[in-house]
């Protein structure tokens, strides 16, 4: 029996790298004063239909659906922002317009073609910043992303920016964009021809050569920005320039979800070796109207981003991928079954002192057990034998090769 296609087992050095990645992301989130939240893996399908848009790829092609015993439509969550938004409303976390900084880490599920850095079950890290409408929140999120890339020693990337404007701006733009693609329909891919009616904005995001040619002459959304939207985008640019953050403006950047508005961004890989050029490392943007879609009596300015942990690990420098195992402190070796209980008591004594310890109860020669202790990076070997008649044991330091007899109650002190 093999694992399900598009999933992955973690063990040995891979689990150590994964754990280190999680630890690093949590440390950065803590430094930026974000607090962890956890939402269920199971959510109502309607949540994502309302938030993501009925014609997005996630809704039409990628969600894992199931019905419970009462025939309620449930899904395995495909992304994190909708569940977080549902959570803050349901638990009344947005009281009195207080700023809320939240982050999450957990598995997501999308039925798509497995490839390098893309799985059907994948781990996602993301942050959501609520009730901060200042331009500085845009800068903060970009700085958060840059810190992650620095900590993971990822240097081959580019930052692309755009603004989708308000819902009113987008509505005007979509009319013009649809007309443009209808005039060029026969030159588009079959997928993009279907999207003219269903989700015309996503044609701009197409990676197919025939679509890219047509997209070069497509009208730009910037032509339809209001004066306030132009000002907001330019202010964000000025902040990035003041902080010496390199960027590119990409008017064809749209993101794949309907809830985004105004400022959006993607950090895109330029690494052709580890991950492949053009792969998205981190992406996000503003979604100021999302809360209102769920509850017409509520509104919250919001911005966030998400990243795939597996993809981040693939792109990271080799130095980060090396296992960072804690060096073992004590490797306990009872010389025979007569001393097993005493060894167990010593284990319990050291456990309470927060040491990393291991007991080898196997019927093996002493030399082989010591060799195994060294192989697994343990510093000290405790040999439990006849010295216990005097309440002592022998401790051998595998680094200095020094050996001494010590009282049991003084071990680890």
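Taken together, the values in this text are just the output of simple stated rules run on the coordinates, not laboratory data. If you're wondering where the values come from, they're calculated on a predicted model, not measured in any experiment. Cβ placement follows ideal geometry from the backbone for every residue including glycine, while neighbour counts extend to all protein chains displayed.
Could you tell me the largest-minus-smallest coordinate of the C-alpha atoms of segment 108-243 on each of the three principal axes, in descending order and whole angstroms?
Cα spread of segment 108-243 along its principal axes, largest to smallest: 46, 43, 27 Å.
Please compute the length gained on full extension between residue 14 and residue 217, using 0.36 nm multiplied by the number of residues separating them and subtracting their Cα-Cα distance.
Working it through step by step, the gained length comes to 68.5 nm.
Across segment 1-113, what fraction of all alpha-carbon pairs, as a whole percent, falls in each successive 10 Å bin from zero upward?
11, 33, 35, 19, 2, 0
What nm distance separates the two modelled labels at residue 209 and residue 4, each placed 7 Å from Cα along Cα→Cβ?
Result for the modelled spin labels: 3.7 nm.
How do 180-190, 139-149 rank on mean C-beta neighbours within 10 Å, highest first?
Order by mean packing, descending: 139-149, 180-190.
Between Rg and the Kirkwood Rh of segment 167-224, both from Cα atoms, what is the Rg to Rh ratio?
0.93
For the ranges 294-302, 365-373, what's the packing order if you count other beta-carbon atoms within 10 Å of each residue, average per peptide, and put the highest first?
Packing order, densest peptide first, comes out as 294-302, 365-373.
Nearest 0.05, what FRET efficiency do residue 147 and residue 404 give at R0 = 60 Å with Cβ-Cβ as r?
Result of the calculation: an efficiency of 0.80.
To the nearest µm²/s, what D does Stokes-Einstein give for segment 116-164 at 37 °C and 0.692 mPa s, using the Kirkwood radius over alpha carbon pairs as Rh?
Once the numbers are plugged in, D ends up at 245 µm²/s.
To one decimal place, what orientation-averaged projected area in nm² is obtained for the convex hull of the Cα set of the chain?
Mean shadow area of the hull around the Cα atoms is 27.6 nm².
Ranked highest first by average number of other Cβ atoms within 10 Å, how do 201-210, 352-361, 4-13, 262-271 line up?
262-271, 201-210, 352-361, 4-13
Counting C-alpha atoms alone, how compact is segment 198-244: give Rg to one decimal and Dmax as a whole number, in angstrom.
14.7, 40
Considering the alpha-carbon set of segment 44-106 alone, what are its Rg and its Dmax in angstrom?
13.6, 39
Assuming a viscosity of 1.306 mPa s and a temperature of 10 °C, what translational diffusion coefficient in µm² per second does Stokes-Einstein assign to segment 328-410, Rh being the Kirkwood radius over Cα pairs?
My calculation gives 127 µm²/s for D.
Which whole-number percent is the relative contact order of the chain (Cα, under 8 Å, 6+ apart)?
16
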